[in-house]
Amino acid sequence: TVRFEGRGDEFSAKDQRLYRRAGAIAIMNYWVYINQNPTVEPAEVLVLDDAQLAEGSLASLFSLRIGRHEHVSLFDEAMKLFAQYTDSPVADDFVKGLGRGPWGPTDLVPFSDFLAMCDEFEALVDAAQAKAGDESEWKDLRFRWNRLRPKARQALVFLSQDEMVLRPYIFPAQDFPHLAAPFQRIYMSATLHDPDDLRRRLGTPAIRKLEIPPDLVQQEDGRRLFVFNQTPS
């Protein structure tokens, strides 16, 4: 096995050669394999452990986040726009200065409302990033906005007091070569039992569930000991 972690330009050339020539199994986290410009080549057989966690890297690749503290003026103006066009309590409270902090509610903006304001929202984001400097927060927003903008009218829009997020309902993962190229994908999870839910979250083709053989269902893998602290707090 070879292990890839950290920056792609720091990966061992020897390890990459072994992996490309099928001389080693590569082990990495989701963000190494799923990003804008992966250093490693697509796998022939892809095994995803804790498969539901891949949703985080896909969200990082295909979604747009506008933060209250990172993009102050854009966030303020966008919230005013949402308060004008939608019935969102989150946007209304923000405009009235009634913020509830990071643990407040999150609103899903109705498609029809966002469609009515989308032209103004696009113009607002375009103007804000044109004025912004080269800070990492704006570079990241610029990259994500350019990727999402052509499909913005089809995006889900979530509002909270600290951020607004635009993302596809289903990630276009099958347009991403590193997930589409493997001839076999094995999704492993100890906590997710519905393959259709995993399909929706990761944008995968049909998943065939490998059932546990009946004679092994009742077997125990080991013993678990639960110790409860019963002293008064």
Subject >> Loop sites in the stretch 81-151: trypsin sites (Lys or Arg not before Pro), DSSP, at most 14 other Cβ within 10 Å >> reply: LYS96, ARG100
Subject >> Packing rank of 48-61, 116-129, where each peptide gets the mean count of other beta carbons within 10 Å, highest leading >> reply: 48-61, 116-129
Original post:
Which of the lysines could be linked to LYS80 by a straight reach, that is with a Cα gap under 25 Å, when you skip same-chain ones fewer than 8 residues away?
Top reply: LYS96, LYS131, LYS139, LYS151
**OP:** Compute the FRET efficiency between HIS178 and ASP119 as 1/(1 + (r/R0)^6), taking r as their Cβ-Cβ distance and R0 = 35 Å, and round to the nearest 0.05.
**Re:** 0.55
Original post:
Each label point is 7 Å from the Cα along the Cα-to-Cβ direction; what then is the distance between the points at LYS14 and LEU216, in nm?
Top reply: 3.7 nm
Original post:
Given +1 on the Cβ of Lys and Arg, -1 on the Cβ of Asp and Glu, and no further charges, what dipole in debye does the chain carry about its Cα centre, rounded to the nearest 20?
Top reply: 620 debye
Original post:
What are the trypsin sites (Lys or Arg not before Pro) within the stretch 9-57 that DSSP puts in a loop, where the Cβ has at most 14 other Cβ atoms within 10 Å?
Top reply: ARG21
**OP:** Return the carbon/sulfur percentage of the accessible area of the chain, one whole number, probe 1.4 Å, all protein chains in place.
**Re:** 52 percent
Subject >> Accessible surface, the stretch 123-233, averaged per residue in Å² (probe 1.4 Å) >> reply: 73 Å²
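The values are calculated or read from the model by the stated rules, or taken from the named source; none is laboratory data. Since this is a predicted model, take the numbers as computed values, not measurements. When we count neighbours, we look across all protein chains shown, and the Cβ atoms used for this are built from the backbone with ideal geometry, even at glycine. Surface areas here come from the heavy atoms of the whole protein model, side chains and all, with no ligands, DNA or RNA. Shrake-Rupley method; radii C 1.70, N 1.55, O 1.52, S 1.80 Å.
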